[in-house]
Every structure is written in C-alpha cells, then in structure tokens.
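The values are calculated or read from the model by the stated rules, or taken from the named source; none is laboratory data. Given the structure is predicted, the values throughout are model-derived calculations rather than measurements. Reconstructed Cβ throughout: ideal geometry from the backbone, glycine too, with neighbour counts over all protein chains shown.
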Amino acid sequence: MGFLEISGSVKSYLQNLSTVLSFALLFIFVLPFTWLSNSFISSGSILLDYGFARAPPAEMLVLFLLVLAFLFFYSVFVCLLVFAVRKDLSKVKVNYYLREKIHKFAFKYFYFLAAFTLIAVSASTLLISQGVDAAIINLGLFIAASAFIFLPQTIVVDEESLSSSVASNFDFIAKNFAFFIGVLLFGIIAVFVLQLFEFAVDFFILAGNYFSLIIAVLVLAPFLEVLKTRVYMKRFSLVATYHPG
C-alpha cells in the first residue's frame, strides 16, 4: 500500500463520515452481548467463548439470534459504505441504488456471513471436542476469513450473484496479492496497537475493551472498507486516473 492510497482513503473516509457514523448503531448490541456469559469484548471485537456450546439451550438461542441481528446490520452498514465510496469514484444513480439495490447487496453479504459463522462455529466446536488447541483453531479461522476479505467490494461494485462475487474476490486477491498481504498486515498491526491501548486504559480504569471497541467500529473497520473499495475500483481504467479534489 502506497502513501497515495492511504491518504486518498483518509479523504474518502472523512467525505463519507455520515455513513461511517452509522456503524455506531452496532453499539446497541454491546449490552446484550455483555449480559451473556459466553460472549465478551476484547481487542476491538465482540468474541464468543468456545464454551458456548455447553450453555443452556435458551441462552444459546438468544446468543444465536443476537449474532444474526448483529451480522445483518453490519452487512447493511458495510454495503452502504462501499457504495458511498463507489459513488464518489464513478457515476451511479443514487436514488435507484438506495431504493432497489442496497438491500440486495446487504442480504447477499449477510447470507455469506451467516453461513460462514455457522460453519466456523460447528467446525470450532468439533475441533475443540477433539482436543485441538484453541490457538490453532483461531489461526485457521483467521486464514479462512481473510480469503473473503474483498467480498463486500465484489458484491457492491460488480453486482453479480453471491457465487460469482466469491469467485471475483479470489480472482482479485490472486492478481493483487501484495495489496492483500498489505491489508492483512495493516489489520494485524492495528489490532495489536488496539490491544496495547486497551491495556493502557485498563491500567487506570477497567474500560479499555469498550474504548478499543469504539475505535474499531468507528475508525478501523470503516477505514479498511474504504481502502479496499478504492483499490478494488482501480480495476476500472477511468477510476484509476481519478483524484479527488
């Protein structure tokens, strides 16, 4: 990732700040998740404990519904942000897309996230029961999730079916592997810095996890989507020569 890509993404992030702030609505899920014994907040994320499979059925059902609701709204906000950046870089009929397309994009991404989560939960539970170390499972989940990192962009920009969007995601990664690694490294470093910040805040008040979650939801996650969208849009020659301002 070059300086121009980062600086351009910062400008796009600020230009679409109203859309970025919509991610704040995800905070309505924080309290319900903290009430449940098998979920917790750390490193800018809401995480599930591997022991949730042994929770009472009623609690498991509530947790499952909460996760689905969170993923749905997250899908909506991500697709809105990707579309906002796409709109800045190319001419689109805004009213038409907001009325006819955005919800279709969001549902495609939601279906994928829900399926991926269900598969990940089932596989993790099985591996844990077989005595596989949790660190190995976490690494496997990270690699699997990373393989679909450009899926929101392919769904919103290419407007294809979900299966075609997944194929386009793999194709883009294969042709832009250096950028793919750069995004992963950026995310890993950012999460590491978030953890240090969280520990520093906890040294004074035990609320570092909430502060890191705020930064992750309002800054890190939206900025990464902006950055990925700008680079993905460079596939189109006219957009590749576009410079805002």
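Values as computed for the structure displayed
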item: Extreme residue, farthest from TYR232 (Cα to Cα), among residues of region 1-48 that are within 17 Å of the chain's Cα centre (by Cα) and among the small types (Gly, Ala, Ser); result: SER42
item: Residue match in region 167-183 (condition: touching a Phe, Trp or Tyr at 6+ places or on another chain (Cβ under 6 Å) and closer than 24 Å to PHE73 by Cα); result: yes
item: Residue tally, condition of a type in the set (S, T, N, Q), at pLDDT below 85 and part of a helix (DSSP H, G or I), over region 33-91; result: 1
item: Candidate set from region 171-195 (those that are of a type outside the set (Gly, Ala, Ser) and under 15 Å from SER42 (Cα atoms)); member that is surrounded by the most Cβ atoms within 10 Å (Cβ to Cβ); result: LEU194
item: Tally of residues being over 17 Å from LYS108 (Cα atoms) and in contact with a Leu (Cβ under 9 Å, 6 or more places away or on another chain) across region 143-183; result: 2
item: Residue match in region 60-69 (condition: surrounded by fewer than 17 Cβ atoms within 10 Å (Cβ to Cβ) and either under 26 Å from PHE223 (Cα atoms) or of a type in the set (S, T, N, Q) (or both)); result: yes
item: Complete set of residues in region 196-214 that are surrounded by fewer than 17 Cβ atoms within 10 Å (Cβ to Cβ), hydrophobic (A, V, I, L, M, F, W, C) and in a helix (DSSP H, G or I); result: LEU196, PHE197, PHE199, ALA200, VAL201, PHE203, PHE204, ILE214
item: Among the residues listed as VAL201, VAL217, the single one being under 18 Å from LEU14 (Cβ atoms), touching a helix residue (DSSP H, G or I) at 6+ places or on another chain (Cβ under 6 Å) and modelled with pLDDT of 90 or more; result: VAL217
item: Pair list, Cβ under 6 Å, 6 or more apart: region 214-236 residue without any contact (Cβ under 8 Å) to a residue 24 or more places away in the chain, other residue surrounded by fewer than 19 Cβ atoms within 10 Å (Cβ to Cβ); result: LYS234/ALA240
item: When residues of region 7-35 are limited to those that are of a type in the set (A, V, I, L, M) and surrounded by 15 or more Cβ atoms within 10 Å (Cβ to Cβ), the one farthest from ASP88 (Cα to Cα); result: VAL30
